[in-house]
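Here is the structure we will look at.
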Amino acid sequence: MRKSNQAQFRELLRQHSDGLTVKELSEMSGASKDAALASIKCMPDAYIDRWKLVRGKDAGVWCVIVPPENCPKPERKKNV
C-alpha cells in the first residue's frame, strides 16, 4: 500500500495561498505529475481556483479551503 501525498500537498497549498499547478506541486513534492493529480482530485478541500496559460495549454491553479476555527460558545449572563 502506498503512502498518500495528500497531507504534503495540503501543506504546500496552504503555504502558497495564491495556488499551485499540478506541475508545481509535482516539482515541490518530488511526486510524479500523475500521482499529484490523482491525489489532489481525491482531496475534498481542494479546488481549481482559476486557469492560467502555460506553454500554450490551460493549467488549473489548485487551492485548498482553510477551515475557520470553531465559533466560541456564547457565555450566558447569570440573572442577579
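The values are calculated or read from the model by the stated rules, or taken from the named source; none is laboratory data. Not measured: the values here are computed from a predicted model. All Cβ positions, even for glycine, are placed from backbone atoms using ideal geometry, and neighbour counts span all protein chains on display.
Residue by residue through the stretch 60-80, note down the ones that are in contact with a Gly (Cβ under 8 Å, 6 or more places away or on another chain) and under 11 Å from Arg10 (Cβ atoms). Outline the logic, then answer.
In the first step, residues of the stretch 60-80 are kept if they are in contact with a Gly (Cβ under 8 Å, 6 or more places away or on another chain); the result is 61-63.
Those that are in contact with a Gly (Cβ under 8 Å, 6 or more places away or on another chain) and under 11 Å from Arg10 (Cβ atoms): Trp62, Cys63.
Only one of Cys71, Cys63 is at pLDDT 95 or above and out of contact with any Lys or Arg (no Cβ under 7 Å at 6 or more places or on another chain); which? Full working, then the answer.
Values: Cys71 fails: at pLDDT 95 or above.
On inspection, the qualifying residue turns out to be Cys63.
Where in the chain are the helices (runs of 4 or more DSSP H), entirely inside, with at least 1 residues that are in contact with a Cys (Cβ under 8 Å, 6 or more places away or on another chain)? Show your work before the answer.
Values: elements: 6-15, 22-29, 33-41.
Result: 6-15.
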